[in-house]
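Note sheet for the following structure.
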Amino acid sequence: MLLPSLFALHEDELIEPELRITGTARSELTDDGFREFAREALEEYLPDDRRDSQQIASFLDRLQYQALDATTLEGFDDLAAKLGDISGGLSIFLSTAPFLFEPTIKGLQHSGLTGDHVRIGLEKPLGNDLASSAVINDAVASAFAEDQIFRIDHYLGKETVQNLMALRFANMMFEPLWNAGGIEHVQITVSETVGLEGRHGFYDDTGALRDMVQNHMLQLLAITAMEAPADFDATSVRDEKVKVLRSLRSVSADEMVRGQYGSGAVSGQSVESYEDDLGEASDTETFVAIKAHIDNWRWNGVPFYLRTGKRMAERRSEIVIQFKCVPHNIFGARGGKLNANRLVIRLQPEEYVRLMVMAKKPSMDRDGVTLREVPLDLSLTQAFSRARRRIAYERLLLDLIDGDPTLFVRRDEVEAQWRWIDAIRETWAEELMTPKSYGSGGWGPSAAIALTERDGVSWNE
Ligand code: BG6
């Protein structure tokens, strides 16, 4: 993700020619060794239309490497020496194991790699509950002010997620209905077909709730539910998101479902169960469904059904807004049946906004009026067919380099997210809620279907 994204910024001349990129990790590599590693990675991961050997060569000239053991202070002196004069600015992108955050920050401080002209981007996992995330955030805050800290949630770098704000706040027609008066419920689905993908240690310690809900899904919920910010800037947008996150009601045990994939078939391929992938028994969930409530005026009584899982029927991220029915059906006496409007915002893999509206089927109506639901379709892929689709990290890395934190997560947001998640995990522990098995290639355990059906709601499938 990182090298292809930086390469794209280079090729499109979005970064200054003088900008240098220094890789650092434990492995002993020379500058040339790192460039070779990068070249191979680019050849493997760049899309075909990006593979320009001259551009790759000039990109590799920007790269250098310094081996670093982050647990020793001296290592950071070598890194500082390699970086040379940083008075023109330094953007650090830190992706490391949680236990290395503190020593890394100490090392950066020790070697003069902090200060007003330095920003730091933090990649997850930033802890695994409120307490451990506070330890990391405190360590980072001892060296960097909040406006120098860029916490990454790669969903915010996705064009379609940003487009959700455009849909809501650049159009007049949705907002007057976007509340408990007009909306019956909201569904947010992030389903994946992939399984464990070899991430044994990390995933089994984390699970779907912390891997996907704590960050990506809560950010989608916050953007869907927030009030209109005064401006599209870091403070206004994040102020509104955090208000939503703080208004989340704790979830009761009967409003959530944990699942773990069993064997099955995904896209025609038979696949093994989670425990077989892992090689041992496990109580980690690979699926979660939650009925969430936002306790504020706008959303009073409107459930937000969330679900995410691995090895599901298809890869799909979408937000479904189910509007209420019209107050009175004037066609009823003539047999016309009405469905309530439904807005489907598909974030991936396709990018579209689809509003289901009622229309009359053309007919002389001698046997009554037939009304049918028809889609009003906006395909963003087609409407912007010439615009290049970018990896989320391209946008986020450029914003980090340019110093724009709008699409990064502020500490108070992360803490509100963790508070809600920690309470869910406490309930799981108290109620001894273990994951229910579901067949790979389906839509999760049957309890997830029951979660909505008992409210008379069906998941959008
Ligand atoms: C990551 C999770 O944050 O997001 C992964 O750790 C998950 O488990 C991934 O597969 C999904 O991202 P995307 O962009 O493919 O929807």
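The values are calculated or read from the model by the stated rules, or taken from the named source; none is laboratory data. These figures come from a predicted structure and were not determined experimentally. Neighbour counts are summed over all protein chains in view; Cβ atoms, including those assigned to glycine, are modelled from backbone coordinates with ideal geometry. With ligands, DNA and RNA removed, areas are computed over all heavy atoms of the protein, side chains included. Shrake-Rupley method; radii C 1.70, N 1.55, O 1.52, S 1.80 Å.
The alpha-carbon atoms of region 30-181 define a convex hull whose volume equals 195 cubic angstrom per residue.
Reported to the nearest whole Å, the Cα centre-to-centre distance from region 278-309 to region 20-37 is 41.
Beta bridges assigned by DSSP with both partners in region 248-314 are antiparallel in approximately 100 percent of cases. Here region 199-276 yields Rg over Rh of 1.13, to two decimals, using C-alpha coordinates and the Kirkwood radius. Calculated translational diffusion coefficient of region 6-87 (20 °C, 1.002 mPa s; Stokes-Einstein with Kirkwood radius over alpha-carbon pairs) equals 155 µm²/s. Residues whose amide H comes within less than 5 Å of that of Ser440, counting only those at least five positions distant or on another chain, are Gly262, Ser263, Gly264, Ala265 (H built at 1.01 Å from N in the peptide plane).
Roughly how big is region 325-412's charge dipole about its Cα centre, with Cβ charges of +1 (Lys, Arg) and -1 (Asp, Glu), in debye to the nearest 20?
Values: 16 positive and 11 negative charges, 77 e Å.
For this selection, approximately 360 debye.
Take every Cα pair under 8 Å whose residues are at least 6 apart in sequence, average their separation, divide by the length of region 302-356, and the relative contact order is 35 percent. Summing +1 for each Lys or Arg and -1 for each Asp or Glu among the other residues whose beta-carbon sits under 11 angstrom from that of Gly88 gives -2. With all protein chains in place and a 1.4 Å probe, the accessible surface of the chain carries 50 percent carbon and sulfur. Compared with the dominant principal axis of the Cα atoms in the chain, helix 130-141 is inclined by about 40°.
Relative contact order, percent, of region 189-284 when contacts are C-alpha pairs under 8 Å separated by at least 6 residues?
On the way: 55 pairs, mean separation 25.9, N = 96.
Relative CO of region 189-284 lands at 27 percent.
Using the Karplus relation 6.51 cos²θ - 1.76 cosθ + 1.60 with θ = phi - 60°, the per-residue 3J(HN,Hα) values for region 242-249 come to 5, 4, 5, 4, 6, 8, 5, 7 Hz, with x marking Gly and Pro. Each of the peptides 183-190, 35-42 was scored by the mean count of other Cβ atoms within 10 Å over its residues; in descending order, highest first, they stand as 183-190, 35-42. Per residue, how much accessible area does region 133-291 have with a 1.4 Å probe, in Å²? Result: 37 Å² per residue. Cross-link partners of Lys106 among aspartates and glutamates, defined as those whose alpha carbon lies under 16 angstrom from its own and excluding same-chain residues fewer than eight positions apart: Asp69, Glu74, Asp77, Asp78, Asp138.
Computed from point charges on the beta carbon alone (+1 for Lys and Arg, -1 for Asp and Glu), the dipole magnitude for the chain about its Cα centre is near 2400 Debye. Here the 3J(HN,Hα) profile of region 385-398, calculated from phi with Karplus coefficients 6.51, -1.76 and 1.60 at θ = phi - 60°, is 5, 8, 6, 5, 8, 10, 5, 3, 5, 4, 5, 5, 5, 5 Hz, Gly and Pro shown as x.
Plainly put, region 103-159 has a radius of gyration that is 1.00 times its Kirkwood radius, both from alpha-carbon atoms, as the Rg/Rh ratio. A simple packing score, the average count of other Cβ atoms within 10 Å per residue, orders the peptides 82-95, 62-75 as 62-75, 82-95, with the highest score first. Kirkwood radius for the chain, taken over all pairs of different Cα atoms as the inverse mean of 1/r, rounds to 24.4 Å.
Based on C-alpha pairs under 8 angstrom that are at least 6 apart in sequence, region 331-461 has a relative contact order of 14 percent. Extending 7 Å from Cα along the Cβ direction at Arg199 and again at Glu44 yields two label points whose distance is 1.7 nm. Evaluating 6.51 cos²θ - 1.76 cosθ + 1.60 at θ = phi - 60° for every residue in region 97-105, the Karplus couplings come out as 5, x, 6, 8, 4, 4, x, 5, 4 Hz, glycine and proline recorded as x. Accessible area per residue for region 13-63 is 69 Å², calculated with a 1.4 Å probe on protein heavy atoms, without ligands, DNA or RNA. Region 407-461 to region 171-198: how many Å between their Cα centroids? Going from one Cα centre to the other spans 15 Å.
For region 257-322, the spread of Cα positions along the three principal axes, ordered from largest to smallest, is 48, 26, 11 Å. Residues whose amide H lies under 5 Å from that of Phe150, counting only those 5 or more places away or on a different chain, are Ile120, Gly121, Leu122; hydrogens are built 1.01 Å from N in the peptide plane.
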